[in-house]
Amino acid sequence: MDFKQIQELVKMVNKSNISELSIEQDKFKITIKQKDNETQQVFTMPATPIQAVAQSVPQVAVSAEAPKAPEAKVDNLVTIKSPMIGTFYRSPGPDKPSFVNVGDEVTTGKVVCIIEAMKLFNEIESEVSGKIVKVLVDDASPVEYDQPLFLVEP
């Protein structure tokens, strides 16, 4: 069955009150369904030619990386990462000041934030000494394991 014959079948189904038309010839099957004044076409062809076409299509690798920002000073920065899944808090309470802010000096063992996991509040301590360059997570937002929280310039 060629393309023009299929087009003629679709036109005839559109003009008539037929809701569904199925035609089978050897290894070729076509079903045309009409629903709410819209025509839906379903084509089924033999599996072997379709597999041959699918195998002959070249595969293209797509990279989902975001464009990289200039990394002038990023090379020497150290990242403080989340050791667990939970909710990130910058301060010990809603009316309390943040543990650290951008520009603050931190030492090894200083508490930089709290992560709440299963109603337990876990203090996260800095593993490096240096100056906080950037806070990467918003207050009271969920974090994943190993997610970067702070950038520190040693």
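Criterion first (assigned by TED's automatic domain parsing to the domain that holds ASP139, farther than 18 Å from GLY130 by Cα and touching a Pro at 6+ places or on another chain (Cβ under 8 Å)) does THR79 satisfy it? No.
Residue pairs whose Cβ atoms lie under 7 Å apart, sitting 6 or more positions apart in sequence or on different chains, and linking a residue in segment 1-30 that is surrounded by 11 or more Cβ atoms within 10 Å (Cβ to Cβ) to a partner that is in a helix (DSSP H, G or I), are LEU21/LEU9; LEU21/VAL13; ILE30/ILE6.
Can you list the strands (runs of 3 or more DSSP E) lying wholly within segment 38-154 that have 1 or more residues being at pLDDT 90 or above?
78-81, 86-89, 111-117, 120-125, 130-135, 141-143, 148-153
Residue by residue, here is whether (1) in contact (Cβ under 8 Å) with a residue 40 or more places away in the chain; (2) over 15 Å from PRO154 (Cα atoms); (3) within 26 Å of the chain's Cα centre (by Cα) holds:
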{"site": "ILE80", "(1), (2), (3)": "yes, no, yes"}
{"site": "PHE88", "(1), (2), (3)": "yes, yes, yes"}
{"site": "SER91", "(1), (2), (3)": "yes, yes, no"}
{"site": "PRO97", "(1), (2), (3)": "no, yes, no"}
{"site": "ASP104", "(1), (2), (3)": "no, no, no"}
{"site": "GLU116", "(1), (2), (3)": "no, yes, yes"}
{"site": "ASN122", "(1), (2), (3)": "no, yes, no"}
{"site": "VAL143", "(1), (2), (3)": "yes, yes, yes"}
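Report whether or not LYS4 is out of contact with any helix residue (DSSP H, G or I) (no Cβ under 6 Å at 6 or more places or on another chain), part of a helix (DSSP H, G or I) and either modelled with pLDDT of 75 or more or in the same structural domain as ALA140 (by TED's automatic domain parsing) (or both).
yes
The values are calculated or read from the model by the stated rules, or taken from the named source; none is laboratory data. Since the structure is predicted, the reported quantities are computational estimates derived from the model, not experimental observations. So basically every Cβ, Gly included, is an ideal-geometry build from the backbone, and we count neighbours across all protein chains shown.
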